[in-house]
1. Test each condition in (1) over 26 Å from G355 (Cβ atoms); (2) surrounded by fewer than 16 Cβ atoms within 10 Å (Cβ to Cβ); (3) in the same structural domain as S263 (by TED's automatic domain parsing) for G164 and report the one that comes out false.
2. Could you list, in sequence order, the residues of the stretch 454-493 that are of a type in the set (S, T, N, Q) and under 21 Å from E425 (Cα atoms)?
3. When both residues are 6+ apart or on different chains and their Cβ atoms are under 9 Å apart, which pairs have a first residue that lies in the stretch 287-313 and is among the aliphatic types (A, V, I, L, M), and a second that is surrounded by fewer than 17 Cβ atoms within 10 Å (Cβ to Cβ)?
4. Being within 30 Å of D104 (Cα to Cα), in contact (Cβ under 8 Å) with a residue 24 or more places away in the chain and more than 22 Å from the chain's Cα centre (by Cα) is the filter here; which residues of the stretch 405-451 pass it?
5. Run down T236, T255, T240 and say which single residue is β-branched (V, I, T) and either at positive phi or not in a loop (DSSP other than H, G, I, E, B) (or both).
6. Going by the conditions given, is C341 over 17 Å from the mean Cα position of the chain (by Cα), under 25 Å from C15 (Cα atoms) and buried (at least 20 other Cβ atoms within 10 Å of the Cβ)?
Amino acid sequence: MGISRVIFRSDMIHCLICENAPCTAACPHMDPARELRSIWFADENTAAARIPDPVPCADCDAPCEKACIASQGVSIRKLMMKAASLKEPAFLPDPGDDDLLKTDICGIPVRNPFLLSSSVVGSTYDMCARAFEAGWAGAAFKTICLMDIHEASPRFSCIKSDTGSIVAFKNIEQLSDHALVENLDAFRRLKRDYPDHFLLASIMGRNEEEWAYLAEEVEKTGADALELNFSCPNMTKEGTGSDVGQVPELVEKYTRAVKNACSIPVIAKLTPNVTSMSEAALAAYRGGADGIAAINTIKSLMVMDKENFEFSPHVKGKTAVGGLSGETVKPIALRFIAEICEHPEIRNLHISGMGGIETWEDALEFMALGADTVQVTTSVMEYGYRIVEDLCGGLKCFMKLQGIKHVSELTGMSLRMVVDTSEIERDTVIYPKFIHATCIGCERCYVSCRDGGHQAIRPGADRKPILDAKRCVGCHLCVLICPSGSIVSSGIRVKKKCE
């Protein structure tokens with residue numbers, strides 16, 4: 001979670017991020033629901049720019065708060081005032097700002113780097129059309145195939161945070177259960193009605209003939225590119241999905257079959273259910289792939305009912321290993337993006353990153369490690385297509401403040417800072433700094449350092465922490481666990497003493 005979200009999160013903990021929100025219906029001055037949503041998605045600077053000047057909330061009797069349907073209410077006035085205080089000339093919208101985000105996918109122009117990933121969120125014409133209208137640059141349509149798909153019910157499960165938002169999402173869903181002719185017709189209609197939006201058609205075959213046939217049929221519809229699904233973890237047919245992505249020889253063979261059958265760009269979507277992704281990425285490159293997409297979901301089990309020992313989702317008491325997505329997989333996704341973008345042969349391909357992206361800050365992390373575009377599913381399933389407004393708004397504000405003229409400048413900015421473990425400097429210590437003025441005296445830092453660290457903290461008579469510098473190794477566990485934010489890095493490097 002970004003620092004900016006932490007600043008506002010305590011005041012927003014009960015906000016439901018409503019659609020057609022009662023608070024907006026009750027407010028005569030602005031659209032507080034829109035601003036609350038922007039704040040939730042770390043786009044508070046854009047929210048600030050939209051709040052009227054002078055801010056009407058100070059002298060208002062807050063009908064928005066009276067109309068709020070959250071069980072414990074939301075401090076809407078306080079949030080609007082706090083956001084308005086951020087307003088600076090650099091944040092004000094400008095008609096030319098949209099050009100900041102224009103980029104391309106394998107040479108095909110797109111209006112921004114944000115696409116729907118291949119899943120239920122892009123499985124019909126109507127859904128993709130609404131996404132395009134909302135501002136998404138394109139969509140990877142849900143994977144089409146020649147297999148007869150029958151889905152289970154229920155097929156989703158999740159783990160929630162203390163705010164009620166989803167941090168881990170599991171599915172046992174497979175591919176599109178619409179007929180091939182229906183999906184191909186959707187492609188034609190989307191390219192007819194939205195010619196400037198990028199249509200990435202995801203396909204999956206069981207042999208070279210099926211891969212080639214699907215590629216040929218899709219190209220006839222006018223789709224911009226193909227995404228080869230070598231990574232779905234939920235397939236019941238042997239030799240499909242992640243079974244293929246784990247075998248570089250198959251990745252290369254099927255990629256080549258598709259490239260030989262069509263002339264549009266081909267992007268290989270790879271599985272994270274491997275030790276290393278480079279082998280499969282190199283195989284796709286040898287097969288002629290124009291790009292790599294990563295990551296797909298991670299094989300998982302989650303949430304057991306203690307009464308009957310059933311794991312969720314269960315179908316007549318049975319469950320299966322399924323695909324994990326959401327916030328919890330982002331660190332793993334970033335690791336794989338860095339791995340493939342560090343490789344000299346792969347880094348020149350188009351890289352489309354995904355895995356736990358909810359805010360523009362998440363997207364920025366993928367880009368900084370080498371992704372050219374990003375794809376989103378789980379957060380759309382939770383919050384809807386509307387989040388693209390804040391993905392774009394937040395990224396544009398950040399770029400303006402940093403003086404970055406084009407989104408492509410972000411690609412790979414952090415990659416040089418990711419090094420092998422052997423290259424990490426280990427001769428100095430950065431001690432923590434205790435801010436006693438805000439310390440609440442809970443002694444959590446003492447307990448964590450005692451039982452999970454180096455016994456370098458003891459509580460004083462006032463319950464405030466005292467550091468034993470001789471014992472402290474600068475691990476910063478205390479910084480991470482402090483509930484009041486009263487322990488920070490001193491930022492001062494001290495040379496280790498010789499033993």
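1. (1)
2. S489, S490
3. Sorted first by the residue in the stretch 287-313, then by its partner, the pairs are I295/I332; I298/I332; L301/A320; L301/V321; M302/I159; V303/I159; M304/E310.
4. Listed by number, the list holds a single entry, K405.
5. Testing whether each residue is β-branched (V, I, T) and either at positive phi or not in a loop (DSSP other than H, G, I, E, B) (or both) leaves just T255.
6. In short, no.
Yes/no matrix, rows are residues, columns are (1) under 26 Å from the mean Cα position of the chain (by Cα); (2) among the charged types (D, E, K, R); (3) in a loop (DSSP other than H, G, I, E, B):
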residue: N273; (1), (2), (3): yes, no, yes
residue: S276; (1), (2), (3): yes, no, yes
residue: A281; (1), (2), (3): yes, no, no
residue: G288; (1), (2), (3): no, no, yes
residue: N296; (1), (2), (3): yes, no, yes
residue: V303; (1), (2), (3): yes, no, no
residue: E307; (1), (2), (3): no, yes, yes
residue: F311; (1), (2), (3): yes, no, no
residue: L324; (1), (2), (3): yes, no, no
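Condition check ((1) of a type in the set (F, W, Y); (2) modelled with pLDDT of 95 or more) across all residues:
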site: H350; (1), (2): no, yes
site: T359; (1), (2): no, yes
site: A368; (1), (2): no, yes
site: V380; (1), (2): no, yes
site: L391; (1), (2): no, yes
site: F398; (1), (2): yes, no
site: Q402; (1), (2): no, no
site: T411; (1), (2): no, yes
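The values are calculated or read from the model by the stated rules, or taken from the named source; none is laboratory data. Everything quoted here is computed from the prediction, not taken from an experiment. Neighbour counts run over all protein chains shown; Cβ positions are idealised from the backbone, glycine included.
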